[in-house]
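Some notes on the structure that comes next.
The values are calculated or read from the model by the stated rules, or taken from the named source; none is laboratory data. Predicted model, so just to flag it, every value in this text is computed and none were measured. Cβ placement follows ideal geometry from the backbone for every residue including glycine, while neighbour counts extend to all protein chains displayed. For the accessible areas, the whole protein counts, side chains as well, though only heavy atoms, and no ligand, DNA or RNA atoms are used. Shrake-Rupley method; radii C 1.70, N 1.55, O 1.52, S 1.80 Å.
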Amino acid sequence: MKQFLTLNDLQNFDAQVALAKEIKANPYQFEELGKRKTLGLLFFNPSLRTRLSTQKAGRLLGMDVMVMNFSNEAWAIEYEDKTIMEGLRSEHVKEATQVVSQYCDVVGIRAFATLTDKEKDESEQVLQKFIQYASVPILNMESATAHPLQALADALTLTELSLPKKPKVVLTWAPHPKALPHAVGNSFARMMEHQDADFVIANPEGYDLDPRITKDIPVVHNQAEALKGADVVYAKNWSSYDSYGQILRTDNEWMLTPEKMAATNNAAFMHCLPIRRNVVVSDGVLDSPNSKVIEQANNRTFVAAAVLKTLLS
Ligand code: CP
């Protein structure tokens, strides 16, 4: 594997999850693999889990790790070619990427969607420019349209739940006061292609994800109907895709509550975090034994280590 931008880059999805499980059981077994190799993590947006778990993953493999916040520590980067750089942007991505490539053996990048320019977001400008000029593998730590490390961690978490043979899994939109990207929902939907499950997406009218992502997945606009008999409920907010980046409703009708979860088959509750309590989900659900959010975050380390191992190998 030369890069990890989406789940499609994995040669064998199940083998990658199995490797993560193996690393979780015996975390230091590959600690010689990354010795004298450097992992560079470049953040254009905030992070808690991705930043710390990917650093930890690199260290489990024996790598040196460098982290940089591009939003406030680095020179502002210019991405357009043939520009006259008279404005605020001091460094072109062409030099920045080649320089970073000299210092690192793998480079991770987090660059969210702008949610103002659909075409630009879908072109994955930041990620693609780094790929164009980098001479080392690039690791997607959440881009405009995908969060594959989160989806892999979610897949590992699913393997750890006591579920029926063909579980019902519901990805439900939930409220949020800010416009959020589609990356987590997109990658979760893509990840579910690898599961033998009855998978349903529930979201209000106007919030359908990109149809190229949802393809033939059932999308319903009635949350109560979707939750009936669910074995897993994955909550996530995203802004409108059709009215790109817009917030279309501000009520709390779609917030997950114990009353709503009572219609499920004692479902596990999942969310990628960070989560806004009593906005996305009520305390009663998040603090219940059915909540798997802390374990999901824990699993980020082991899937990142598995992906780094594959990139280094
Ligand atoms: N789930 C996730 O990616 O968390 P962070 O934004 O804190 O990295």
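In nm², what is the average projected area of the convex hull enclosing the Cα atoms of the chain? Write out the running numbers ahead of the final one.
Values: hull surface 63.3 nm².
Convex hull of Cα atoms, orientation-averaged projection: 15.8 nm².
The label-point distance for Glu122 and Ala76, in a model that sets each label 7 Å from Cα toward Cβ, rounds to 2.8 nm. When only alpha carbons of region 188-303 are considered, Rg and Dmax amount to 14.2, 37 Å. For a modelled paramagnetic label at Asp210, 7 Å from Cα along Cα-to-Cβ, the residues of region 1-32 in reach, with backbone nitrogen under 19 Å, are 3-10. Cross-link partners for Lys94 among the aspartates and glutamates, with Cα-Cα distance under 20 Å and sequence neighbours closer than 8 places in the same chain left out: Glu73, Glu78, Glu80, Asp81, Glu86, Asp105, Asp121, Glu124. For region 22-94, which whole percent of the accessible surface, found with a 1.4 angstrom probe, sits on carbon and sulfur atoms? Exposed carbon and sulfur together represent 50 percent of the surface.
Protein chains only, probe 1.4 Å: how do Phe30, Phe112 rank by accessible area, largest first? Walk me through the numbers on the way to the answer.
Working: Phe30 45, Phe112 65 Å².
Per-residue accessible area, sorted high to low, gives Phe112, Phe30.
Calculated mean residue ellipticity at 222 nm for the chain: -10000 deg cm²/dmol, from DSSP H runs with n ≥ 4 weighted as -39500 (n - 2.57), summed, divided by the residue count and rounded to 500. For the pair region 263-313 and region 192-212, the centres of their Cα atoms are 18 angstrom apart.
Please tell me which of these pairs span more than 29 angstrom C-alpha to C-alpha: Lys24/Lys215; Lys82/Lys178; Lys82/Lys120; Lys2/Lys35? Spell out each step's value before the answer.
Values: Lys24/Lys215 33 Å; Lys82/Lys178 35 Å; Lys82/Lys120 18 Å; Lys2/Lys35 19 Å.
Beyond 29 Å between Cα atoms: Lys24/Lys215; Lys82/Lys178.
Once neighbouring chains are kept in place and the probe is 1.4 Å, which whole percent of the accessible area of region 166-272 is contributed by carbon and sulfur?
Numbers: 2040 of 4300 Å².
With neighbouring chains kept in place, the figure for region 166-272 is 47 percent.
Ordered by 1.4 Å accessible area with all protein chains kept, Arg276, Arg110 run largest first as Arg276, Arg110.
Taking the Cβ of Gly34 as the centre, find all other residues whose Cβ is under 12 Å away and add up their charges (Lys, Arg: +1; Asp, Glu: -1). Write down the numbers at each step before the final one.
Working: positive: Lys35, Arg36, Lys37, Arg59, Lys309; negative: Glu31, Glu32, Asp64, Asp105.
Net charge around Gly34: +1.
What are the semi-axes of the equivalent ellipsoid of region 107-221, taken as the square roots of 5 times the eigenvalues of the Cα gyration tensor, listed largest first and rounded to whole Å?
Details: eigenvalues 142, 73, 26 Å².
Value: 27, 19, 11 Å, ordered largest first.
Taking each residue as 0.36 nm, the span from Tyr28 to Ala262 lengthens on full extension beyond its C-alpha to C-alpha distance by 80.1 nm.
Could you work out the Kirkwood radius for region 97-165, taking every pair of different alpha carbons, averaging 1/r and inverting it, reported in Å? Present the calculation step by step, with values, prior to reporting the outcome.
Details: mean 1/r = 0.0726 Å⁻¹.
Averaging 1/r across every pair of different Cα atoms and inverting gives 13.8 Å.
Our estimate of slack between Ser288 and Leu48, defined as 0.36 nm per intervening residue step minus the Cα-Cα distance, is 84.1 nm. Find how many whole Å separate the alpha carbon centroid of region 67-144 from the alpha carbon centroid of region 1-49. Answer, in whole Å: 21. What the chain shows is 46 Å² of accessible area per residue, with the surface traced by a 1.4 Å probe over protein heavy atoms. Taking a point 7 Å from the Cα of Ser135 along the Cα-to-Cβ direction, the residues of region 18-59 with backbone N closer than 20 Å to it are 36-42. Positive contributions from Lys and Arg (+1) and negative ones from Asp and Glu (-1), summed over other residues with Cβ under 15 Å from the Cβ of His221, come out at -4.
Summing charges over all other residues whose Cβ lies under 12 Å from the Cβ of Leu7, with Lys and Arg as +1 and Asp and Glu as -1, gives -3.
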